Amino acid sequence: MIPKPIGEKGWQKPRTGGVKVNFDAAVDGRMMSFGLLARDHDGFMLGGRAGVLEINARAEWAELQALAESLELAREKRWLKLELESECANLVNRLKRAHVDFSTYGFCIRQLLNSFDPCFVFNFVWIPRCCNKAADQLRKCAYKNNCTKAVDMDYPIELHDGLSRALPTPAACPDVGDTHCRLGSRRCSDDPYQWCSNEPSQWCSSEPFR
């Protein structure tokens, strides 16, 4: 079982060469909303999706739908090494023992995973809500605007406010004179290990945006 978290942690980078997808879902009556965001080992945003679907389902089924959307995006982009993070402990626990889960839920999970070629490698991880803010913001924006959108570097304007709160644009680093960044990163130097900070006294640090 997933242990109780000891304390809050920020978003953690995936291993080199991997892609991390954070996803979230919620249910309101007969409607569900979802948001997912993919980032690489440098913290750069690779893509995402956010949407609203008319589905009469409980919360755990909505989370499974969000997982399916995440895996479909990975299939389209050919991301073979994938870390998938969710704050839904029930889903993550079932994913880790899908081979012995003979419930209807477990059957649907196995069907979903078996639809992928063996070249895809998945690692499912539970995270606390504080580490899933970006996906949650995308979901909320989609629900508020009642829209379904693909999200990339040129993300839709209606998602701008929510996404920018979760992934703020870095300030320019005075040591560089120009901001070298992509959405979701805080890089401020040609050195791939240097990142921007909001603290005036510490413009660069070795830690990515949390």
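The values are calculated or read from the model by the stated rules, or taken from the named source; none is laboratory data. Please read these numbers as outputs of a predicted model, since none were measured by experiment. Neighbour counts are summed over all protein chains in view; Cβ atoms, including those assigned to glycine, are modelled from backbone coordinates with ideal geometry.
Figures for the structure shown
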item	result
Members of region 20-75 found to be aliphatic (A, V, I, L, M) and free of Cβ contacts under 8 Å to residues at least 24 places away in the same chain, listed by number	none
The lone exception for C108 - which of (1) part of a strand (DSSP E or B); (2) out of contact with any Asp or Glu (no Cβ under 6 Å at 6 or more places or on another chain) it fails	(1)
Residue in region 73-121 that is nearest to the chain's Cα centre (by Cα), counting only those that are small (G, A, S) and surrounded by fewer than 17 Cβ atoms within 10 Å (Cβ to Cβ)	A89
Single residue of P118, P5 found to be at pLDDT below 95 and under 21 Å from D136 (Cβ atoms)	P5
Residue count for region 122-140, restricted to those that are surrounded by 17 or more Cβ atoms within 10 Å (Cβ to Cβ) and either of a type in the set (V, I, T) or in a helix (DSSP H, G or I) (or both)	11
Checking S70 against (1) among the hydroxyl-bearing types (S, T, Y); (2) touching a helix residue (DSSP H, G or I) at 6+ places or on another chain (Cβ under 9 Å); (3) buried (at least 16 other Cβ atoms within 10 Å of the Cβ), the condition it does not meet	(2)
Pairs with Cβ under 9 Å, 6+ apart, first in region 100-115 and of a type in the set (K, R), second assigned to a helix (DSSP H, G or I)	R110/A98; R110/H99
Subset of region 48-80 (residues that are of a type in the set (S, T, N, Q) and within 16 Å of V125 (Cα to Cα))	S70
Residues located in region 51-65, provided they are under 24 Å from V19 (Cβ atoms) and outside any strand (DSSP E or B)	A62, E63, L64, Q65
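Yes/no matrix, rows are residues, columns are (1) among the aliphatic types (A, V, I, L, M); (2) within 20 Å of L138 (Cβ to Cβ):
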| position | (1), (2) |
| --- | --- |
| A74 | yes, yes |
| R78 | no, no |
| E83 | no, yes |
| E87 | no, yes |
| V92 | yes, yes |
| L95 | yes, no |
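For (1) among the polar types (S, T, N, Q); (2) at pLDDT below 95; (3) part of a loop (DSSP other than H, G, I, E, B), each residue gets a yes or a no:
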| position | (1), (2), (3) |
| --- | --- |
| R15 | no, yes, yes |
| A25 | no, no, no |
| G43 | no, yes, yes |
| R49 | no, yes, no |
| A68 | no, no, no |
| N90 | yes, yes, no |
